[in-house]
């Protein structure tokens, strides 16, 4: 019998290695898999390349991972925010490499990574400094930039409910990058607020089919993040 | 150097040009204020890049839900008929030309419709692009809403942008505190001027050649 259910966030991320590329879901704090990130912090893997829309908020979650100097490079669209002081400091000190990607291009590069598409021509960014050095092509009178797919060793995402087969549903705008990242990673790990029996999720409403997901771990929203991953 | 219209008046003026049935994305900051002035007799559907159509007003009190935020990461509400989707779908809507209008802020707009709104390029400035470049080239119509002059009096409608570009030739209409401008292949036209100003007054203050 298939079961992708893992008992703890610590077990779920135990095999992340130094130098791994890790996609982390979330748009700001919506959909950010805080407990999985905390477990990764505890676990100690370093020299990570992280793919996320942002570059951490405040001093928790992704920001804590940056603060602990575990991340070598971040690929994101919007690092600068009112509370991105951890990123700002490391970036200005030259201690963190940044690959800045327009948000829609970031999403599509991740989607492509999971869909067997090596690259694509997009009109976004044409003629701007974010297209510097990239191949361009005029197609039917419009100019496009060639962008490459992104894939990863691991994806850490947050969903609302999941079952042992890895089928997932999300909640409101916390969905964001989750369904894309699970496809683009060799090992996709979803933390969910509740695990339900197979058959409970309406097949018409499943957002991420289980084929994309390798591990599901239940994280009670009532448990403070600091007690997870022990 | 502030013009005759307040920021609220600018938002109100731009809101008048959003038609019944439009799918619209409002950028962060001043563009977001437009949602407060959308004519109540029109059904207008707001898109937020982080995965929602049918966005409602800002959430207050018990309505606040950390899983329901807008592009500025402010808690919002959902309206009947709302839909959620992932980021690739959200930007496909944009890039694929399905959104009717997006309204953006700007550092500069050029007389050929180039937009600079994401990065000052200054020493030590941390670049952050977000969805700006996708919005600039994606929607059927791109409106900009901005003050016409910076605090030090430089005109933000310029012959050529000096800040790093967001998109080329993408802006069609510019709502400012002095006037509303449209940009087309034959130049910049003053659609409406405020505070009793004429086209010649605006030509003098902007240093641009304008059509009436």
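A compact table of results
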quantity: Only one of B:128, B:88, B:82 that is within 12 Å of another protein chain (Cβ to nearest Cβ) and under 18 Å from the mean Cα position of the chain (by Cα); calculated: B:128
quantity: Identity of the residue in the range B:91-119, within 11 Å of chain A (Cβ to nearest Cβ) and out of contact with any helix residue (DSSP H, G or I) (no Cβ under 9 Å at 6 or more places or on another chain), that ends up farthest from residue A:27 (Cα to Cα); calculated: B:114
quantity: Test: residue B:76 is within 26 Å of residue B:184 (Cβ to Cβ) and assigned to a strand (DSSP E or B); calculated: no
quantity: Leading residue by the ranking (surrounded by the most Cβ atoms within 10 Å (Cβ to Cβ)) among those in the range B:149-166 that are in contact with a helix residue (DSSP H, G or I) (Cβ under 7 Å, 6 or more places away or on another chain) and farther than 28 Å from residue A:107 by Cα; calculated: B:157
quantity: Lone unmet requirement of (1) within 11 Å of chain A (Cβ to nearest Cβ); (2) surrounded by fewer than 22 Cβ atoms within 10 Å (Cβ to Cβ) for residue B:192; calculated: (1)
quantity: Residues satisfying the stated conditions in the range B:31-55, i.e. away from chain A (no Cβ under 13 Å), in contact with a helix residue (DSSP H, G or I) (Cβ under 6 Å, 6 or more places away or on another chain) and surrounded by 18 or more Cβ atoms within 10 Å (Cβ to Cβ); calculated: B:33, B:34, B:38
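Bear in mind these aren't lab numbers, they're just calculated from the coordinates by the rules spelled out. If you're wondering where the values come from, they're calculated on a predicted model, not measured in any experiment. So basically every Cβ, Gly included, is an ideal-geometry build from the backbone, and we count neighbours across all protein chains shown.
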